[in-house]
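The values are calculated or read from the model by the stated rules, or taken from the named source; none is laboratory data. On a predicted model such as this, the values are computed, not experimentally measured, just so you know. Positions of Cβ are generated from backbone atoms using ideal geometry, with glycine treated the same way; all protein chains shown enter the neighbour counts.
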Amino acid sequence: MKYAKTYNSKLMTSSEAVQTIESGDWVDYACFLATPITLDNELAKRAGEVENVKIRALGFPGRAAVAKADPEGHSFSYNSWHFTGADRKLHDSKVCNYIPLLYHEGPGYYEKNDISTDVMLLRTTPMDSKGNFNFGVSNSFTRAQIKAAKKVIVEVNEKMPYCYGGNEEQVHISEIDAIVESDNEDLFCLPEPTITDIDQQIAEIVVSQIENGSCLQLGIGAMPNAIGKLIAASSLRDLGVHTEMLCDSFVDIYEAGCISNRKKKHDAGKFVYTFALGSKKLYDFLDHNSSCCSFPVDYTNELGKISANDKAIAINNALEIDLFGQVSSESCGTRHISGTGGQLDYTYGCYHSRGGKAFICLTSSVVEKDGTRRSRIRPFLDPGTITTLPRVMVNYVVTEYGLINLKGKSTIERAKALISIAHPDFRDELNEHAKRMNIQM
């Protein structure tokens, strides 16, 4: 192999690789399944040996070893662009910080704002014959991280799918300072979410609004999964895919003959995504599949690219919405849950597509751990709750009690519409709040 000598000269153990990280360094982990699991575990062993090593990660699959290894935060400071369930628990234990991120701007944070990165760690496929290491199922803003880093260390995993790219889907050996061969652990798989009867009701409402030739974006969770299953069982045809996250539902829809990608204005015939997260079925589908294109997030989530496709459909979840139409999808009060992600990007972009629609889906109420039921349609967001979507951006809102369109409605009309799809147990109370807030007659 042409690059064998160079490869061997840069090959080292994971222990040797993390020894190049020094106290005070900023260390970037690649996003989602490109997270360097072997190197993270090895770096964690240096707790007590280094001081103030600052780590940035996004969607770490599982719980970061560096955060667990140093609960006092003397050796490591762990920061996340987007919380997972494990990150939430770390945040509750005060060993994880959140970095606000508007996802499509991710590459620009490095390129325009001079973010300092001393060492970049990423997991890739094995090197190909041309000396390239493919990013696999996570493109995101990896190239921007690499360009900003003084040192790049690659962790090779033979089980990472080789994913064809639209652009910026690989790194060449000439750009790499060190190579580590991992234990080739299996990729993290999302557990299949349980679809409730209420999820099914909401899914039926949303799917009734989708037309032949629509271009889909689906978020994460039970609701999008239910929607995917319904689409797969429907008579819809010639659907396209332009999404940030590629999930299992898209495979089901494709195998049912509903997706052709032929009606898209950009990248016709191709699935377009910036990261994939799901089951082994999804990863096997992506491996060497030339009908799928991995792009950086400033392409997939760029507003003009989203809106260019006709009938673009955004389907996303929310935690709660207030009577003004403000949506929170990332925090409950001051407890951080996830992140902005691409919800704002796709809500705005799909609304501006010709024939496009943006749906925010949520169950009308939630039962707390103590057994009490709480409305997810609130008079106003609780103090400390982060607004993910400002009221002026919200298009369709769906609960199990129906669908409303907030565009063009006055504050009084919005309140009435939202109360009409609230859980019946809370409608009188919400009406009283609306009157006191001067948004109800």
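Every residue in segment 235-269 that is surrounded by fewer than 20 Cβ atoms within 10 Å (Cβ to Cβ) and either assigned by TED's automatic domain parsing to the domain that holds Asn139 or among the hydrophobic types (A, V, I, L, M, F, W, C) (or both), please.
Selection gives Ala256, Ala268.
To keep it simple, each residue is scored yes or no on (1) in the same structural domain as Tyr283 (by TED's automatic domain parsing); (2) among the charged types (D, E, K, R); (3) under 30 Å from Tyr7 (Cβ atoms); (4) touching a residue at least 60 places away in the same chain (Cβ under 8 Å).
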position	(1), (2), (3), (4)
Glu158	no, yes, yes, no
Gly166	no, no, yes, yes
Glu204	yes, yes, no, no
Val207	yes, no, no, no
Asn212	yes, no, no, no
Ile220	yes, no, no, yes
Met223	yes, no, no, yes
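Being of a type in the set (Gly, Ala, Ser) and within 20 Å of Ala312 (Cβ to Cβ) is the filter here, so list the residues in segment 230-284 that pass it.
Hits for segment 230-284 are Ala232, Ser234, Gly240, Ser249, Ser260, Ala268, Gly269, Ala276.
Which residue out of Gly325, Gly333 is in contact with a Leu (Cβ under 8 Å, 6 or more places away or on another chain) and at positive phi?
Answer to the check: Gly325.
Filter segment 75-117 down to residues that are small (Gly, Ala, Ser) and crowded, with 22+ Cβ neighbours inside 10 Å, then give me how many there are.
Residues flagged as small (Gly, Ala, Ser) and crowded, with 22+ Cβ neighbours inside 10 Å within segment 75-117 amount to 2.
Per-residue answers, yes or no, for (1) under 14 Å from Leu33 (Cβ atoms); (2) touching a residue at least 60 places away in the same chain (Cβ under 8 Å); (3) among the aliphatic types (A, V, I, L, M):
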| site | (1), (2), (3) |
| --- | --- |
| Phe275 | yes, yes, no |
| Asn289 | no, yes, no |
| Cys292 | no, yes, no |
| Pro296 | no, yes, no |
| Leu303 | no, yes, yes |
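Quickly run through segment 153-184 and pick out the residues that are part of a loop (DSSP other than H, G, I, E, B), of a type in the set (Asp, Glu), at pLDDT 95 or above and more than 20 Å from the chain's Cα centre (by Cα).
Glu158, Asp177
Can you report the number of residues in segment 60-113 which are under 30 Å from Leu303 (Cα atoms), basic (Lys, Arg) and touching a residue at least 12 places away in the same chain (Cβ under 8 Å)?
Filtering segment 60-113 down to residues under 30 Å from Leu303 (Cα atoms) leaves 60-61, 79-85, 87-88, 97-113.
With basic (Lys, Arg) added as a condition, the list becomes 88, 112.
From what's left, touching a residue at least 12 places away in the same chain (Cβ under 8 Å): 88.
Total meeting the criteria: 1.
In this structure, is Ser214 surrounded by fewer than 19 Cβ atoms within 10 Å (Cβ to Cβ) and modelled with pLDDT of 95 or more?
Judged against the criteria, Ser214 is not a match.
Being within 22 Å of the chain's Cα centre (by Cα), aromatic (Phe, Trp, Tyr) and farther than 22 Å from His74 by Cα is the filter here; which residues of segment 1-40 pass it?
The one that is within 22 Å of the chain's Cα centre (by Cα), aromatic (Phe, Trp, Tyr) and farther than 22 Å from His74 by Cα: Phe32.
Could you please find all residues in segment 1-38 being among the β-branched types (Val, Ile, Thr), within 17 Å of Ala149 (Cα to Cα) and touching a helix residue (DSSP H, G or I) at 6+ places or on another chain (Cβ under 9 Å)?
Val18, Ile21, Val27
Quick one: in segment 332-351, which of the residues that are touching a Ser or Thr at 6+ places or on another chain (Cβ under 6 Å) and surrounded by fewer than 22 Cβ atoms within 10 Å (Cβ to Cβ) is nearest to Cys163 (Cα to Cα)?
Thr340
Kindly indicate whether Asn316 is in a loop (DSSP other than H, G, I, E, B) and of a type outside the set (Val, Ile, Thr).
Working: in a loop (DSSP other than H, G, I, E, B): no; of a type outside the set (Val, Ile, Thr): yes.
It is false that Asn316 is in a loop (DSSP other than H, G, I, E, B) and of a type outside the set (Val, Ile, Thr).
Find the residue count for segment 369-392, including only residues that are surrounded by 12 or more Cβ atoms within 10 Å (Cβ to Cβ), out of contact with any His (no Cβ under 7 Å at 6 or more places or on another chain) and not acidic (Asp, Glu).
Our first condition is that a residue be surrounded by 12 or more Cβ atoms within 10 Å (Cβ to Cβ); within segment 369-392, this holds for 373-382, 385-391.
Right, trim to out of contact with any His (no Cβ under 7 Å at 6 or more places or on another chain) and you get 373-374, 376-378, 380-382, 385-391.
Retained after the next criterion (residues that are not acidic (Asp, Glu)): 373-374, 376-378, 380-381, 385-391.
Qualifying residue count, segment 369-392: 14.
Can you find even one residue in segment 25-40 that is in a helix (DSSP H, G or I) and small (Gly, Ala, Ser)?
There is at least one residue in segment 25-40 that is in a helix (DSSP H, G or I) and small (Gly, Ala, Ser).
Rundown of residues vs (1) more than 27 Å from Leu190 (Cα to Cα); (2) over 22 Å from the mean Cα position of the chain (by Cα); (3) in the same structural domain as Ile337 (by TED's automatic domain parsing); (4) in a loop (DSSP other than H, G, I, E, B), yes/no style:
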| position | (1), (2), (3), (4) |
| --- | --- |
| Glu42 | no, yes, no, no |
| Pro61 | no, no, no, yes |
| Ala67 | no, no, no, no |
| Gly73 | yes, yes, no, yes |
| Tyr78 | no, no, no, no |
| Tyr109 | yes, no, no, no |
| Ile115 | yes, no, no, yes |
| Leu122 | no, no, no, no |
| Lys151 | yes, yes, no, no |
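Do any residues in segment 399-415 that are part of a loop (DSSP other than H, G, I, E, B) have Cβ atoms under 9 Å from those of residues that are among the aromatic types (Phe, Trp, Tyr), where the two are at least six apart or on different chains, and which pairs are they?
Leu406/Tyr396; Lys407/Tyr351; Lys407/Tyr396
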